[in-house]
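The values are calculated or read from the model by the stated rules, or taken from the named source; none is laboratory data. Predicted model only: the values in this text are computed from it and were never measured. When we count neighbours, we look across all protein chains shown, and the Cβ atoms used for this are built from the backbone with ideal geometry, even at glycine.
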2 protein chains.
Amino acid sequence: MIAPLEELLAALTRLPAIGRRSAERIAFYLLAKPDHAARLAEVIGALHERIHTCDRCGNFAERDLCPICADPQREASALCVVARPWEIGHIERTGEYRGLYHVLGGLVSPSSGVEAEDLSVDPLLARVANEGVQEIILALEPRLEGELTAMHLLRKLKPLGVRVTQIAQGVPAGRDLESADEITLGRAFRGRVPL
Amino acid sequence: MIAPLEELLAALTRLPAIGRRSAERIAFYLLAKPDHAARLAEVIGALHERIHTCDRCGNFAERDLCPICADPQREASALCVVARPWEIGHIERTGEYRGLYHVLGGLVSPSSGVEAEDLSVDPLLARVANEGVQEIILALEPRLEGELTAMHLLRKLKPLGVRVTQIAQGVPAGRDLESADEITLGRAFRGRVPL
């Protein structure tokens, strides 16, 4: 195979969720569609120039502040803490939350050597102290890393007198009970609510 | 979501085999890996400048001739006819074929309005007449379009006195017989070979 095609396939197969077969399909599609190839090269090439990190919360931003921090309609009394900026989009799509966010930049992970000091915890504490925050909602993944991080944050936040909650864990919507694992089902029982 | 990210997701989801979820994973990966994003933009952007069509066979090429047509070791007495240039790579990987290729640029397709006149048939006939070709091997997909195309080619090639063959159809390797469809299994019976 000729070099430019091999180089494209090599760059494509390094992407997540793209195997050799998908890479070939994409490469041949791009060869057949010069306009789309030019457009894709343009948006990927300009990505890091155009996307920054919000000075306040760590979300993706085009300017100093992300659209959420810049929106005066959002309720500044609540901060939802997430590990990664892209999790904000998932929460926003629920339409259930009108407060602000704080991106930690990761989770405490003994296996990967990530400690609490590597995360954006001090800026979070500063925001609690300075921005009139009344509730911190932890939206961290319900696995070891998420729980270690939540424990650390709780220890740091409690002395500040702010209310700390975490999003509910339980059986996911639209699934039968048999497909839920035992830990999820156990948590759903412990977290049962009156009707 | 901010505009540069939406534009990237829009461009990614137009690619084959990439849904919204995969596009998000790729976008966030590219955001986290500036070097890879720059490299990908570069190879996609340069694609149409660097890749051409072989003057002789229609394969992908960096120069006037593709590496196969430019290789004096290949046997010029055999031409393998394929619909699309990327099928050549699959055949090359088998290591079973040492002749040259000819890319038709598609298949006769009544449903898509593609007729034999839209394909690279006249250049194929010219090659047979001028290049001392002794065998034409049709490697077209074993479906209606491939068979209509094969019938048309056979009609045009027979008068030239060249031998025309097609690759064998039968049960694929490494699968149990139950997973072969009836047409495939029927063809495998008709094409049975003595042991």
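Consider B:GLN134 against the criteria (1) more than 24 Å from B:PHE60 (Cβ to Cβ); (2) among the polar types (S, T, N, Q); (3) surrounded by 17 or more Cβ atoms within 10 Å (Cβ to Cβ): it satisfies all of them except one. Which criterion is unmet?
Here B:GLN134 clears every test but (3).
Among the residues of the range A:175-195, how many are over 20 Å from A:GLU147 (Cβ atoms) and under 23 Å from the mean Cα position of the chain (by Cα)?
Residues meeting the conditions: 0.
Within the set of pairs 6+ apart or on separate chains, which have a first residue in the range B:21-38 that is over 10 Å from A:ILE44 (Cα atoms), a second that is surrounded by fewer than 20 Cβ atoms within 10 Å (Cβ to Cβ) and among the polar types (S, T, N, Q), and C-beta atoms under 6 Å apart?
Correct list of pairs: B:ALA23/B:THR13.
Filter the range A:8-37 for residues that are within 14 Å of B:TYR29 (Cβ to Cβ) and at pLDDT below 90 and give the result.
Within the range A:8-37, just A:ALA17 meets the criteria.
Considering every residue within the range B:59-72, establish whether at least one is assigned to a loop (DSSP other than H, G, I, E, B), within 14 Å of chain A (Cβ to nearest Cβ), within 18 Å of B:THR165 (Cβ to Cβ) and not acidic (Asp, Glu). It would help to see each step written out before you state the result.
Here is the first cut: in the range B:59-72, the residues assigned to a loop (DSSP other than H, G, I, E, B) are B:59, B:62-72.
Subset that is within 14 Å of chain A (Cβ to nearest Cβ): B:59, B:62-71.
Adding the requirement that they be within 18 Å of B:THR165 (Cβ to Cβ) leaves none.
Scanning the range B:59-72, I find no residue that is assigned to a loop (DSSP other than H, G, I, E, B), within 14 Å of chain A (Cβ to nearest Cβ), within 18 Å of B:THR165 (Cβ to Cβ) and not acidic (Asp, Glu), so the answer is no.
Give all pairs with beta carbons closer than 7 Å in which a residue from the range B:139-160 that is under 19 Å from B:THR184 (Cα atoms) meets a residue that is aliphatic (A, V, I, L, M) and assigned to a helix (DSSP H, G or I); count only pairs at least 6 apart in sequence or on separate chains.
B:ALA139/B:ILE91; B:LEU140/B:ALA150
Across the range B:95-113, what is the total count of residues that are within 21 Å of B:ARG155 (Cβ to Cβ), over 15 Å from the mean Cα position of the chain (by Cα) and either touching a residue at least 12 places away in the same chain (Cβ under 8 Å) or part of a helix (DSSP H, G or I) (or both)?
Residues flagged as within 21 Å of B:ARG155 (Cβ to Cβ), over 15 Å from the mean Cα position of the chain (by Cα) and either touching a residue at least 12 places away in the same chain (Cβ under 8 Å) or part of a helix (DSSP H, G or I) (or both) within the range B:95-113 amount to 2.
Matching residues to (1) within 11 Å of chain B (Cβ to nearest Cβ); (2) crowded, with 17+ Cβ neighbours inside 10 Å:
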{"site": "A:SER22", "(1), (2)": "yes, yes"}
{"site": "A:ALA32", "(1), (2)": "yes, no"}
{"site": "A:ILE51", "(1), (2)": "yes, yes"}
{"site": "A:CYS57", "(1), (2)": "no, yes"}
{"site": "A:PRO85", "(1), (2)": "yes, yes"}
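If you check A:GLU145, A:GLU178, A:GLU141, A:GLU117, which single one turns out to be at negative phi, part of a helix (DSSP H, G or I) and at pLDDT below 90?
Details: A:GLU145 fails: at pLDDT below 90; A:GLU141 fails: part of a helix (DSSP H, G or I); A:GLU117 fails: at pLDDT below 90.
Residue meeting the stated conditions: A:GLU178.
Hey, can you tell me all the residues within the range B:51-99 that are of a type in the set (Phe, Trp, Tyr) and in the same structural domain as B:VAL162 (by TED's automatic domain parsing)?
Our first condition is that a residue be of a type in the set (Phe, Trp, Tyr); within the range B:51-99, this holds for B:60, B:86, B:97.
The answer is B:TRP86, B:TYR97.
Any idea how many residues of the range A:162-195 are in contact with a helix residue (DSSP H, G or I) (Cβ under 8 Å, 6 or more places away or on another chain) and in contact (Cβ under 8 Å) with a residue 24 or more places away in the chain?
4
Failed condition for A:PRO159, given (1) modelled with pLDDT of 90 or more; (2) part of a helix (DSSP H, G or I); (3) within 26 Å of B:PHE28 (Cα to Cα); (4) not polar (S, T, N, Q), with all others met?
(3)
So A:ASP122 clears everything in (1) surrounded by fewer than 16 Cβ atoms within 10 Å (Cβ to Cβ); (2) in the same structural domain as A:TRP86 (by TED's automatic domain parsing); (3) more than 20 Å from A:ASN59 (Cβ to Cβ) except one condition, right? Which one?
The one condition A:ASP122 does not meet is (3).
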